[in-house]
1. Enter the mean projected area of the convex hull around the alpha-carbon atoms of segment B:318-375, in nm², rounded to one decimal.
2. Can you tell me the relative contact order of chain B? Whole percent, Cα pairs under 8 Å, sequence separation 6 or more.
3. Suppose every Lys and Arg Cβ carries +1 and every Asp and Glu Cβ carries -1, with no other charges. What dipole size does segment B:243-356 come out with about its Cα centre, to the nearest 20 debye?
4. Translational diffusion coefficient, Stokes-Einstein: compute it for segment A:36-94 using the Kirkwood radius over C-alpha pairs as Rh, at 4 °C and 1.567 mPa s, and state it as an integer in µm² s⁻¹.
5. Averaged across the residues of A:80-87, what count of C-beta atoms belonging to other chains lies within 10 Å of each residue's C-beta?
6. Kirkwood Rh and Cα-based Rg: tell me the resulting Rg over Rh for segment B:168-265, rounded to two decimals.
7. Grab every C-alpha pair in chain B, bin the distances at 20 angstrom width from 0 up to the longest one, and report whole percents.
8. Normalized C-alpha radius of gyration of segment B:434-580, against 2.2 N^0.38 Å?
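What follows is calculated from the coordinates using simple rules that are stated; it is not laboratory data. What you see is a predicted model; the values in this text were computed from it and never measured. With ideal geometry, Cβ positions are generated from the backbone for all residues, glycine too; neighbour counts draw on all protein chains shown.
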Amino acid sequence: MTKSFDILIVGIGGQGTILASNILGEACLLEGRHVKGAETHGMAQRGGSVETHIRIDGQYGPLIVPGTADLLISFDLLEALRYSHFLKSGGTMVVNRHMVLPTSVFTQKSPAPTEDEIIAQLVRFNPCLIDADKIAAEAGSSLSQNVVILGAASWSIPLKADSLLTAVKKLVPPKTVEVNAKAFEMGRAFSRTR
Amino acid sequence: MQRHYLLGNEAIAHACLESGIDFASGYPGTPSSEVIDVLRVQKDPAYYVEWSVNEKVALENALAAAWCGIRAICTMKHVGLNVAADPLMTSAYTGVTGGLVIMSADDPFAHSSQNEQDTRCYAHFARLPCLDPAGVQEAHDMIGTAFEISEEFRLPVLFRPTTRICHSKGDVELGDAVPSTRKGEFHKDPRQYVVIPAHTRLLHKKLNEKQPALKKRLVERGLNHSTIKGKTAIIASGIGASYVQELLPPDVSFMKIGAYPIDEDWLGEFAKKHEKILVIEELAPVVEEAVRQVAGCVPVFGKINGYAPYEGELSPAVVAAIMVKAGFLPKNPFAAMEPVQNLPMRPPILCAGCHHRAAFYAIKKVFKDAAIYPSDIGCYTLGIQLGVVDTTICMGASITVGSGITHSGEPRDVVSTIGDSTFLHTGIQGLMNAVYNGANMTLVILDNRITAMTGHQPNPNSGVTATGVETPPVSLDAICRACGATFVETVDPYDMTGILRVLEEAKKKKGVKVIIAKQMCVIAARRAGVKRGRYAVNPDLCTGCGTCVRFGCPAIEFADEKARINDLCSGCAVCARLCPVGAISREAKK
């Protein structure tokens, strides 16, 4: 049995983790690879912390065990830390360098770490930190942040960049194909020069 | 043949198309909703599809369709099957003449549910066959088999995927869709369809007589199968079987259970060839009990003797730990990993601009902490974060729990909250009962015109059917008045002054007072193109008092002693109405 390549994508409901999963799944189909995944639906999506599991070459179950993910992609800095225990030793972490503070921090005045404090805790994973908002805006729309981050992670994913880009173009809304293709390329270029 | 990366429910829906279904009904419920959602958006379907008002209604409709000789599927979540239990139990007696598949999706770990019940227990209870897939491809493939078994044995077939099937994805091999061709035809046969005692006694006997052949057929169809590899064995079902296969040592025998009832003779033959057996399954020990009945002196490890948990969901890590404990793996291949502690939680939250938040704010302001707040099942259950949800038990129970509390002698005010879809599901009877029996309570119907939490399905309140055909919307006001309520007021919860006034009025009156807080779901409104313009805080005027922040809208942040509105703002303007110094106003056009 081929060992699967396990990717955990985390973020906040509404940030586009499911689209990212669909892009990876479609790229697997293009390469004739098996793929399994699991995601969060229903009420938990309403602004809550969400996780999407993808297992490239996965044969059986869809879930990734903590401590075994080959790649952790996070659309939010705080969520990267929350799920960091999923990453295997020596695994890769690609993270949006900004966070959205949970509303409870404001309403209950609960303590929250700063972005710098979180980054300090993530250093041991040698993360690729990416200012996705800035790059997405340069690409043409801040809504393409998820595709920017996917592009940045693409070097670590055992799929051809061409397959991923084809999948991006196929799955994003027709009017946004150009912006998202650019977002993918810019994210990919960013992490090469890191 | 085509291969797609699909959600389990999408694959199940496609399998329905491949089976040439003629009829589909259901009530939304996570994790089952996407099956009907996919079926209802197909272009010019040759089959009939409806969102029903509740699961009992959905099942009775589908059962009748299957009595007319056509193929019907009915979908719901596990707790929906409780609502549909009445027709379910007797449908096993009447049987069907067409094919009927009842999908009841279980939710181990209660990701989005009020309990962790097991549909397989209903199958046993009703003596109906039940298919239990272990993955997305198998879930797809089982649908065709389920229809064939239903037609062969003339019985409804339960189909029981779980959250990790419905909301898993995988590369799935699909067949071609087959258009629906059958036309329903009802043949009168009172001995089958009229369950008076004289008929039902015979029908019960017939149901029991079907069982032995059914058990054999499930094995012959390959739904239950085994491979003998050694002196020890693992028997697994559902997604647990997939986790076991990731970990199975080469010298351990494996039995996969995908359908019930299990043939005891076949199971016993397997059991007696082994020296010990481990059973892996989610929720109730259904397979384990069957194994124990035939295992004789072969030791069985499972939930009943404490090797596996009854509650929660399985994962490869949990299965590995069970296998180690029962001596089926020398050591756990997974190291225990602890998440980082003390991070701020990020639970789901009512959306920015959700009118439920405004209604809850007003209710709390008028009735204060002293009142008791029974609530119900929907997005608004998140009102627990705002301190206005004191009870939820099942669909429609906000009203009945409210009236029960008032009749118990509890003197405090009772304010029940219920969504429009839940009210139409099973709330109306509770309201009728409360008025009839003279309860003193306030009922706020949180009317957002749609079934929001499960993915914005239309209901009789929405003015469109499942397929988008316009239909007259029900009048909640008229329903409440027809139930006997005389105080029935409809308000816009964004109009804080108006809703506060109506709540104050209700508080003073005796009897059952109904307030319909009506406003479009903010997500549905955005999709419909409603644009209200964003609001902003004037930092020169903001005193940092925190009134708007405590409102709890995710669009409102607080930094450097000032409030700030982020780009989640949907322009509901409620915070502007709450601000005591008028620091919040519509953002100037850029």
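1. Projected area, direction-averaged: 8.4 nm².
2. On the way: 1252 pairs, mean separation 63.3, N = 590.
After rounding, I find 11 percent.
3. Charge dipole, segment B:243-356, about its Cα centre: 340 debye, nearest 20.
4. Here the translational diffusion coefficient equals 106 µm²/s.
5. 3
6. Reported Rg/Rh (Cα atoms, Kirkwood Rh): 1.15.
7. Spelled out per bin, shortest first, that is 19, 45, 31, 6, 0.
8. Values: Rg = 18.6 Å, N = 147, 2.2 N^0.38 = 14.7 Å.
Taking N as the residue count of segment B:434-580, the ratio is 1.27.
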